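What follows is one structure encoded as structure tokens, with my remarks underneath.
The values are calculated or read from the model by the stated rules, or taken from the named source; none is laboratory data. Because the structure is a prediction, the values reported are computed rather than measured. Here the Cβ positions follow ideal geometry from the backbone for every residue, glycine too, while neighbour counts run over all protein chains shown. All accessible areas refer to the heavy atoms of the entire protein, side chains included, with ligands and DNA or RNA removed. Shrake-Rupley method; radii C 1.70, N 1.55, O 1.52, S 1.80 Å.
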Amino acid sequence: MDLKLLNEQGQSSATVSAPDTIFGREFNEALIHQVVVAYQANARSGNRAQKDRADVKHTTKKPWRQKGTGRARAGMSSSPLWRGGGRTFPNSPDENFSQKVNKKMYRAGIRSILSQLAREDRIAVVDSFTFDTPKTKLAATKLKAMGLDSVLVITDSVDENTYLATRNLPHVAVVEPRYADPLSLVHYKKVLITKAAIAQFEEILG
């Protein structure tokens, strides 16, 4: 698989040969969906607490007698059928939303995403992505000159200048290959990857 090599002006001057084992896989929509959903579920925290009928503050006195009133039977006002009563299946703070995905499936999902990005021309290669000074204006100007507004930059190493220069840009993220998650890969419009990061991907996913 040949990927475009971009210069500082965002022009494709040449191509870079990328391994087909990572960037030439077939599109597996079901696997990608499972991996992305599992990633989002594993990031979710149980932070909701609801009360069941034992926790709500209500009297245990029977509202009215069992027979003769013409109304439905009622035992106490904390019933889930009543307004202000307890929930039948309440949410608890220790609720676990995690989903298990095997390493083999996760890596296959990442390879499938990268391959589809390459086919859709949403991934490009640069020699390096570094800055001499930690200035956000420099990063914004550089990405604007390359025609990139929403981009995930995958570099072999994120130094302090690069991190400080890009952290305040709302639609830009800079990560190392080991931190490239499936949600970010499908979320950003473009993916910019350095040559050294391709070699790291080959070690991790190959």
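Would you point out the residue of the range 1-26, among those that are over 24 Å from the mean Cα position of the chain (by Cα) and of a type in the set (Val, Ile, Thr), that is surrounded by the fewest Cβ atoms within 10 Å (Cβ to Cβ)?
It comes out as Thr15.
Do we find a residue being under 22 Å from Leu185 (Cα atoms), of a type in the set (Ser, Thr, Tyr) and touching a residue at least 40 places away in the same chain (Cβ under 8 Å) anywhere in the range 108-120?
Let us first name the residues in the range 108-120 that are under 22 Å from Leu185 (Cα atoms), namely 108-120.
If we keep only those that are of a type in the set (Ser, Thr, Tyr) as well, we get 112, 115.
Then drop every residue that is not touching a residue at least 40 places away in the same chain (Cβ under 8 Å), which leaves 112, 115.
For the range 108-120, residues under 22 Å from Leu185 (Cα atoms), of a type in the set (Ser, Thr, Tyr) and touching a residue at least 40 places away in the same chain (Cβ under 8 Å): present.
Residues in the range 167-182 that are assigned to a helix (DSSP H, G or I) and open to solvent by 60 Å² or more (accessible area, probe 1.4 Å): how many? Quick ask: steps written out before the conclusion?
Within the range 167-182, the subset assigned to a helix (DSSP H, G or I) is 177-179, 182.
Right, trim to open to solvent by 60 Å² or more (accessible area, probe 1.4 Å) and you get 178-179.
Final tally of qualifying residues: 2.
Are any of the residues in the range 184-200 modelled with pLDDT of 95 or more, open to solvent by less than 20 Å² (accessible area, probe 1.4 Å), under 23 Å from Val16 (Cα atoms) and assigned to a helix (DSSP H, G or I)?
Yes, the range 184-200 has at least one match.
I need the full set of residues from the range 1-41 which are outside any loop (DSSP other than H, G, I, E, B) and closer than 30 Å to Thr141 by Cα, in order please. Can you show your working first?
Going residue by residue through the range 1-41, those that are outside any loop (DSSP other than H, G, I, E, B) are 2-6, 12-17, 20-23, 29-41.
Listed by number, the residues that qualify are Asp2, Leu3, Lys4, Leu5, Leu6, Ser12, Ser13, Ala14, Thr15, Val16, Ser17, Phe23.
Please list, ordered by first then second residue, the pairs with beta carbon atoms under 6 Å, 6 or more apart or interchain, first in the range 142-167 and over 16 Å from Tyr179 (Cβ atoms), second among the hydroxyl-bearing types (Ser, Thr, Tyr).
Note: pairs meeting the criteria are Ser150/Tyr188; Ala165/Thr136.
Out of the residues in the range 51-105 that are among the aliphatic types (A, V, I, L, M) and touching a residue at least 60 places away in the same chain (Cβ under 8 Å), state the one that is surrounded by the most Cβ atoms within 10 Å (Cβ to Cβ). Before you say what the answer is, go through the steps one by one.
Going residue by residue through the range 51-105, those that are among the aliphatic types (A, V, I, L, M) are 54, 56, 72, 74, 76, 81, 101, 105.
Those still in the list that are touching a residue at least 60 places away in the same chain (Cβ under 8 Å) too: 101, 105.
Working: Val101: 19, Met105: 15.
Per the stated criteria, the residue is Val101.
Looking at the range 123-146, which of its residues are within 19 Å of Val16 (Cβ to Cβ) and open to solvent by 60 Å² or more (accessible area, probe 1.4 Å)?
Going residue by residue through the range 123-146, those that are within 19 Å of Val16 (Cβ to Cβ) are 123-130, 146.
Asp127, Ser128, Thr130 - these are the residues of the range 123-146 that are within 19 Å of Val16 (Cβ to Cβ) and open to solvent by 60 Å² or more (accessible area, probe 1.4 Å).
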